[in-house]
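Encoded as structure tokens, the structure appears first; notes follow it.
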Amino acid sequence: MKRTPIVAVVVAVLAAGSLLYIERRSRPAPVAQPTAAVVPVVASKVTAKNVPIYRRGIGTVAAYNTDVVRSQIQGQITAITFTEGQTVKAGDLLAQIDPRPYQAQIEQLTANRDRDQANLTNEEANLSRDTQLGAKGYATPQLIETQSSKVAQLKAAVQADQAQIDQANVQLSYTRLTSAISGITGVRRIDVGNVIHPTDPNGLVVITQIEPISLLFTLPQTDLPAIQDQMAKGPLSVIAYSQDNKVKLGEGKLLLVNNEIAGTTGTVQLKAEFPNTDHRLWPGQLVNAHLLLDTRADAITVAGSAVQQGPDGPYVFVVRPDQTAELRPVHVAEINQGQALIDSGLKAGDNVVVDGQYRLKEGSKVQELHGKAAREADLQSSVQDAIP
């Protein structure tokens, strides 16, 4: 009977242990706190260099000079001495009009002049003789005056004859159709054997001068004060690019700013001249014109892909020495050909994230990729694929 309390105590202890075991088994296992993920990025050092400042517009190439070769006389074309698309120089013969009618006219007019000259010589001799007789009293003053009048009339006739001959020689020269400018011939508008007229609207051919060549382009009127300020310092360069901005077509100089602003568009027209010795610019061609306004020395530039837009404006991520990301607000002056010009917010030597920044936030741990890994990384695509 004395062993009963001891047994009860043992049973109670065992029961309490069982309950404690069951309670511990029923509790959920503690969840391990995840460590911050390391974000792979590609970064680039910021450098300071001279950066050109451009103003860009769309322009049309125009021939420096255009000459429609027309005839100033009527006649049959007997020869054409050029081929379509040929490069010609000023004064080169392009076509020949039958000169025979004009040569015959010159011969007739020359005969008339010679006849009048012979009569003039005879009347001058009579005047000299009458003058001598008058001095001796054998000729009246009236006779001498009449003879002087005949001489004067014949002199005028000879002069008129010579003027007609000169005019006929000019007409004869028009039988040679020559180029007034150096350039390239276009499509021939008339063939050998046809009669050409001064009133023909198309003429013989159109010659276009493309060395040098002109470019007309427009810019917003807000750029006008800066352009005028820079023009006062010296000539400004203009670069012509293809419509996709991939091919440089030529470099020239700004000639003038037009004397009015287009009220409907708020733009101003500018004209540039290009040497165009390689003939890469062609009349009527649409190109992109880049006006070099200034060159900023020791400017800060980063890849345009590094610049992000936030609610407070543009920003970039800078990699700190401890391999964490810092969100850095910046002021972007302009973005040109994939490079952003930074006015403030960065300095030379800063390590800026140019790819993979879409998963970053302030203080994120980063892993910089270099070399082959950086070239093969497609960080932006992987982030976009991970977005639900």
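The values are calculated or read from the model by the stated rules, or taken from the named source; none is laboratory data. Values in this document were obtained by computation on a predicted structure and should not be read as measured data. Here the Cβ positions follow ideal geometry from the backbone for every residue, glycine too, while neighbour counts run over all protein chains shown.
Here are some notes:
- Matching option when the condition is in contact with a Lys or Arg (Cβ under 7 Å, 6 or more places away or on another chain), in a loop (DSSP other than H, G, I, E, B), surrounded by fewer than 10 Cβ atoms within 10 Å (Cβ to Cβ) and at pLDDT below 85, among A36, A29: A36
- Per-region count, the range 189-211, residues under 16 Å from the mean Cα position of the chain (by Cα) and either under 15 Å from R55 (Cβ atoms) or surrounded by fewer than 18 Cβ atoms within 10 Å (Cβ to Cβ) (or both): 1
- Of the residues making up the range 254-272, those that are surrounded by 14 or more Cβ atoms within 10 Å (Cβ to Cβ) and either more than 11 Å from L216 (Cβ to Cβ) or over 11 Å from the mean Cα position of the chain (by Cα) (or both) are L254, L255, V257, I261, T267, V268, Q269.
- Residues being touching a strand residue (DSSP E or B) at 6+ places or on another chain (Cβ under 6 Å) and at negative phi - total across the range 337-361: 17
- Only one of R115, R70, R129 that is among the basic types (K, R) and surrounded by fewer than 13 Cβ atoms within 10 Å (Cβ to Cβ): R129
- Residues of the range 251-282 satisfying the condition of being touching a Gly at 6+ places or on another chain (Cβ under 9 Å), of a type in the set (A, V, I, L, M, F, W, C) and assigned to a loop (DSSP other than H, G, I, E, B): L281
- Matching option when the condition is modelled with pLDDT of 85 or more, over 27 Å from the mean Cα position of the chain (by Cα) and closer than 30 Å to V247 by Cα, among A340, A297, A348, A306: A306
- Residue match in the range 312-334 (condition: closer than 19 Å to Y241 by Cβ and either within 23 Å of the chain's Cα centre (by Cα) or not hydroxyl-bearing (S, T, Y) (or both)): yes
- Residue match in the range 230-243 (condition: of a type in the set (D, E, K, R) and without any contact (Cβ under 8 Å) to a residue 24 or more places away in the chain): yes
- Among the candidates Q96, Q105, the residue that is within 30 Å of V195 (Cα to Cα), out of contact with any Gly (no Cβ under 6 Å at 6 or more places or on another chain), not hydrophobic (A, V, I, L, M, F, W, C) and not in a helix (DSSP H, G or I) is uniquely Q96.
- Of everything listed in (1) under 60 Å from the mean Cα position of the chain (by Cα); (2) surrounded by 13 or more Cβ atoms within 10 Å (Cβ to Cβ); (3) of a type in the set (G, A, S), the single unmet condition for A139 is (1).
To keep it simple, each residue is scored yes or no on (1) of a type outside the set (F, W, Y); (2) part of a loop (DSSP other than H, G, I, E, B); (3) in the same structural domain as Q103 (by TED's automatic domain parsing).
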| residue | (1), (2), (3) |
| --- | --- |
| A139 | yes, yes, yes |
| Q142 | yes, no, yes |
| A152 | yes, no, yes |
| Q164 | yes, no, yes |
| I184 | yes, no, no |
| I190 | yes, yes, no |
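- Failed item in (1) modelled with pLDDT of 95 or more; (2) of a type outside the set (V, I, T); (3) outside any strand (DSSP E or B), with L215 passing the rest: (3)
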